[in-house]
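**Student:** What follows is a structure written as structure tokens; I'll ask about it next.
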Amino acid sequence: DITDVSSVRKALKGVNIVFHLAALLGRWQSEYPEYEYYRVNFLGTKLLVEESVKVGVDHFIYLSTTGVFGKVKECPADENYPCNPIFPYEKSKYLAELVVKNAINGGFPATIIRASHVYGSGDMNTLKIFKLIKNFKVFPLIDGGRAVFQPIYVEDLVEALILCMAKREISVGKTYIV
């Protein structure tokens, strides 16, 4: 439980590198009360960062979301594009990013990865889109074809996370979109 101090402390024993991938996930619409996203994604990250600082981890890699941008008005957007999250999940991830950035500013060795929509084996949400395309020979155009949607395959995301770890001297203190 990422929100439980004793669980987090136990999980950090003997750990040098933290891949913070835990989150209460959002879908296209909020499924949980807004406070639950805040509690898990923001407060849980805050606790994990604080405890990671205390034990002196060598590298903290935080998985965020491109959803922190909200509706992108100017494409392409890079890592410096202003954040304006809309939904509770995105808002909670943005608040968590601020915690990580604040720790980075204090010398904490962390990297932020903003992933787009992640899909892969066993993903029942994205499977619905692929079945629709296969069965009806149509491709859904989000926002009438004006929306920018660049999903990432889970194995590619894992490769990016590992690369950040392997290239720590380059990735610490940075934010990347994958």
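**Student:** For segment 47-68, which residues satisfy the criterion of being assigned to a strand (DSSP E or B) and over 10 Å from Phe108 (Cα atoms)? Working first, answer last.
**Tutor:** Initially, segment 47-68 is screened for residues assigned to a strand (DSSP E or B), giving 59-65.
Residues satisfying the conditions are Ile61, Tyr62, Leu63, Ser64, Thr65.
**Student:** Now for a separate question. Is one or more of the residues making up segment 74-91 aromatic (Phe, Trp, Tyr) and farther than 16 Å from Tyr176 by Cβ? Quick ask: steps written out before the conclusion?
**Tutor:** Here is the first cut: in segment 74-91, the ones aromatic (Phe, Trp, Tyr) are 81, 87, 89.
The next check asks that each one be farther than 16 Å from Tyr176 by Cβ; those that pass are 87, 89.
The answer is yes; a qualifying residue exists.
**Student:** Here's something else I'd like to know. Just wondering, is there one or more residues in segment 15-33 that are in a helix (DSSP H, G or I), more than 20 Å from Thr175 (Cβ to Cβ), out of contact with any His (no Cβ under 6 Å at 6 or more places or on another chain) and in contact (Cβ under 8 Å) with a residue 12 or more places away in the chain? Full working, then the answer.
**Tutor:** Just the residues of segment 15-33 that are in a helix (DSSP H, G or I), to begin with: none.
No, that holds for no residue.
**Student:** For segment 75-178, give me every one of the helices (runs of 4 or more DSSP H) that falls completely inside it and has 2 or more residues that are out of contact with any strand residue (DSSP E or B) (no Cβ under 9 Å at 6 or more places or on another chain) and at pLDDT below 80.
**Tutor:** Numbers: elements: 88-105, 124-136, 154-166, 168-171.
Of the helices (runs of 4 or more DSSP H) lying wholly inside segment 75-178, those with at least 2 residues that are out of contact with any strand residue (DSSP E or B) (no Cβ under 9 Å at 6 or more places or on another chain) and at pLDDT below 80 span 124-136.
**Student:** Identify the single condition in (1) assigned to a loop (DSSP other than H, G, I, E, B); (2) of a type outside the set (Val, Ile, Thr); (3) closer than 24 Å to Thr175 by Cβ that Asp1 does not satisfy, given that it satisfies every other one.
**Tutor:** In the conditions (1) assigned to a loop (DSSP other than H, G, I, E, B); (2) of a type outside the set (Val, Ile, Thr); (3) closer than 24 Å to Thr175 by Cβ, Asp1 misses (3) alone.
**Student:** Going through segment 87-108 one residue at a time, which ones are over 17 Å from Glu36 (Cβ atoms) and open to solvent by 40 Å² or more (accessible area, probe 1.4 Å)?
**Tutor:** Matches in segment 87-108: Leu98, Lys101, Asn102, Asn105, Gly106, Gly107.
**Student:** Additional query: Among the residues of segment 1-27 satisfying the criterion of being within 15 Å of the chain's Cα centre (by Cα) and open to solvent by 80 Å² or more (accessible area, probe 1.4 Å), which is modelled with the highest pLDDT?
**Tutor:** The qualifying residue modelled with the highest pLDDT is Leu21.
**Student:** Tell me which of these Lys71 doesn't satisfy, since it passes every other one: (1) open to solvent by 70 Å² or more (accessible area, probe 1.4 Å); (2) basic (Lys, Arg); (3) within 11 Å of the chain's Cα centre (by Cα).
**Tutor:** (3)
**Student:** Can you tell me which condition Ser52 does not meet? The list is (1) hydroxyl-bearing (Ser, Thr, Tyr); (2) in contact with a Leu (Cβ under 9 Å, 6 or more places away or on another chain); (3) modelled with pLDDT under 95, and all the others hold.
**Tutor:** Checking Ser52 against (1) hydroxyl-bearing (Ser, Thr, Tyr); (2) in contact with a Leu (Cβ under 9 Å, 6 or more places away or on another chain); (3) modelled with pLDDT under 95, the one that fails is (3).
The values are calculated or read from the model by the stated rules, or taken from the named source; none is laboratory data. The shown structure was predicted, so the numbers you read here are calculated from the model rather than taken from an experiment. Cβ coordinates were reconstructed from backbone atoms using ideal geometry, including for glycine residues, and neighbour counts include every protein chain displayed. Surface areas here come from the heavy atoms of the whole protein model, side chains and all, with no ligands, DNA or RNA. Shrake-Rupley method; radii C 1.70, N 1.55, O 1.52, S 1.80 Å.
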